[in-house]
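Note sheet for the following structure.
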C-alpha cells in the first residue's frame, strides 16, 4: 500500500511536477519511459515518488522511446492503467507504436512536452512534435500552464478509459515555458483526484485467462479499412465524453474548460487562433490592442484531435479577419492550424473572413507582445480593406530578409 | 460480411468459443475455435519455401516450437507431428534452430511434395577434424 502524500491547498509546481503528481494520484499500474528533455522531470519525479514509497505501480526502464511505448502497449493490453512521457525526437521514435496503441484501443496517457524536431538539434519548445501526432489516432489535449497540465492529466485518464471512447490520450504542454516554469497550482487531494478519475475499467484484458484475446492480428485489404473507420468514427464522437469530463471537472474544482476557448469574443472583429502558452500571451496582447480601438479576440483549442470543426466555426462566425498562428515548420505548405481552422470556417460559416497564417517561435524563439500587437494591426488593416493586405503566410520573429508566401 | 460498426473495438480476436482455461487444457485439435479466430484462415499465402519435417531424425527437443513466430509447429502426445501450413510463413527459423544431424526440418520449394522431399533427405554429416 502506497504511502499517503500530503499536499497543500496551493503548491508551487512547474508543468512537469504537476504532471508527475497527476500520474501518482491516478495510481498508474505501469510507467515505462526513456526520459528526454524537456519531459525528463515527469518520470524523474515519478521515480522519486516510487522510491519514497508513494507509488504501488511498476516503473519499467527501457532502452529507447520505441521500447517505452511498446512496453506501455503491452502493459495496457494486459489490462493495466498505463502512462508515459516524452518529447521531440523521442516522440518521433515512438510514433510507430502510437498507431498500435490507438488501433488496439488501449487507453494510455502520454505527456508530450512539446519541443522542436532536429536538425538542427534543439531542446526548446515548439509544436513540431504536437503536429507530428495529428494522424496517429490519439486524442490530443492542449494545456497552457502548469495548473492545466495537472488538470488535463487527471481528465485524460477519465476520457481515455471511458468505455465509449477507449482511445489513448496525449496531454500537450509547451517545453520549458510551461514544463519548467513554476506557478501556483491548486491540486486535489489524493482521495479526491482518484475518486474523480475512478477505478480502471478493463476491457478485453489479455491476461484474463478465462477469455483469451489476440491483440495485433493482421488484417489486410479485407478488414483493415473497417477497423480504421471505426477508430475514426469513435474519435470524431469522443468530444461528447470530453465535454462531459470537462463539466464534471468544473463541478469538482470550479475550473471550467471548453473544447474551444474564447477570449473577448463577444464583439471581436479580428482574432488570433493559437495553441499552447502563446494563448495567454495573445490574451494580454488582445487586451492591450483594444486600447487602440481594435476589437481583438483570441480563440484557442483544447483538443487538436478530435478537431472541433463546428465549434471553431461557431466561435469565428462573426469575425472579419483571422490569423492562425502555427508554431511548427510548415515544411512546404500553409501551417496546420491555418488549413484546419480555415476549412472549418469556410465550410460552416456564411461570411467569408480574411484568413492569414503566421509562423512563429520555432526552436524556442520568443513570441513577444510586440509581435502579437503587429499581427493584430495587420488583421485590422485586412478587416478595414476587406481583403488581404499582405501575403497569406508570414514569418514572425525571423532574422534576415522578410519571408512570406502566397 | 460484417460492417465497421459490428466489430469489437481494438481489432481484437477471441480465439475460443468456450472458457479459455478449459480450452488450454485440451489438444489444439479438440478445442472449439471461434469463427472469427485466425485458426482456419490461411495467412500463409506469401510462403515461397516450406519447412518439411522428418520424423526419423527428430529428437523432440521442441526448439522449433519455442522459436516459431507463428505457432506453426504441431505437436501431439509430446511428439513433434509436423508443420501447420495454414499459418507457416516459411521464415525458416525452425530449420535454423534444429540441432540434429542431419536436420529434422529442412526448407524445400513450396511446390515440392513432402514425400518427394523426404526421399531427398541428406545423410549425416561427418564432423570435420
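Here are a few things to note about the model shown:
- Test: residue in the range A:358-381 that is out of contact with any helix residue (DSSP H, G or I) (no Cβ under 6 Å at 6 or more places or on another chain), surrounded by fewer than 21 Cβ atoms within 10 Å (Cβ to Cβ) and within 18 Å of residue A:317 (Cα to Cα): no
- Among the residues of the range A:197-240, those that are out of contact with any helix residue (DSSP H, G or I) (no Cβ under 6 Å at 6 or more places or on another chain), in a helix (DSSP H, G or I) and more than 14 Å from residue A:106 (Cα to Cα) comprise A:224, A:225, A:227, A:228, A:232, A:233, A:236, A:237, A:239, A:240.
- Residue A:101 vs. criteria in contact (Cβ under 8 Å) with a residue 12 or more places away in the chain and either surrounded by fewer than 18 Cβ atoms within 10 Å (Cβ to Cβ) or within 14 Å of another protein chain (Cβ to nearest Cβ) (or both): yes
- Test: residue in the range B:4-13 that is buried (at least 17 other Cβ atoms within 10 Å of the Cβ), part of a strand (DSSP E or B) and within 11 Å of chain A (Cβ to nearest Cβ): yes
- Matching residues in the range A:206-249 - criterion: being surrounded by 14 or more Cβ atoms within 10 Å (Cβ to Cβ), modelled with pLDDT of 95 or more and under 30 Å from residue A:194 (Cα atoms): A:231, A:234, A:235, A:238, A:239, A:241, A:242, A:243, A:244, A:245, A:246, A:249
- Scanning the range A:46-61 for residues that are crowded, with 17+ Cβ neighbours inside 10 Å and closer than 12 Å to residue A:31 by Cα turns up A:46, A:47, A:50, A:55, A:57, A:60.
- Among residues of the range A:382-406 being touching a helix residue (DSSP H, G or I) at 6+ places or on another chain (Cβ under 9 Å) and part of a loop (DSSP other than H, G, I, E, B), the one that is nearest to residue A:334 (Cα to Cα) is A:392.
- Residue B:75 meets all of the listed conditions (1) over 30 Å from residue B:15 (Cα atoms); (2) surrounded by fewer than 16 Cβ atoms within 10 Å (Cβ to Cβ); (3) touching a helix residue (DSSP H, G or I) at 6+ places or on another chain (Cβ under 8 Å) but one, namely (1).
- Residue in the range B:14-28 that is farthest from the other protein chains (Cβ to nearest Cβ), counting only those that are assigned to a loop (DSSP other than H, G, I, E, B), in contact with a strand residue (DSSP E or B) (Cβ under 9 Å, 6 or more places away or on another chain) and without any contact (Cβ under 8 Å) to a residue 24 or more places away in the chain: B:17
- A single entry from B:68, B:58 fulfils the requirement of being touching a strand residue (DSSP E or B) at 6+ places or on another chain (Cβ under 6 Å) and more than 14 Å from every other protein chain (Cβ to nearest Cβ): B:58.
- Residue that is nearest to the other protein chains (Cβ to nearest Cβ) [pool: residues in the range A:157-209 that are more than 25 Å from residue B:11 (Cα to Cα) and without any contact (Cβ under 8 Å) to a residue 60 or more places away in the chain]: A:198
- Subset of the range B:34-55 (residues that are away from chain A (no Cβ under 11 Å) and either touching a residue at least 60 places away in the same chain (Cβ under 8 Å) or in contact with a strand residue (DSSP E or B) (Cβ under 9 Å, 6 or more places away or on another chain) (or both)): B:40, B:44, B:47, B:48, B:49, B:50, B:51, B:52, B:53, B:54, B:55
The values are calculated or read from the model by the stated rules, or taken from the named source; none is laboratory data. The structure displayed is predicted, hence computed values, not measured ones. Glycine gets a Cβ as well: all are built from the backbone with ideal geometry, and neighbour counts include every protein chain shown.
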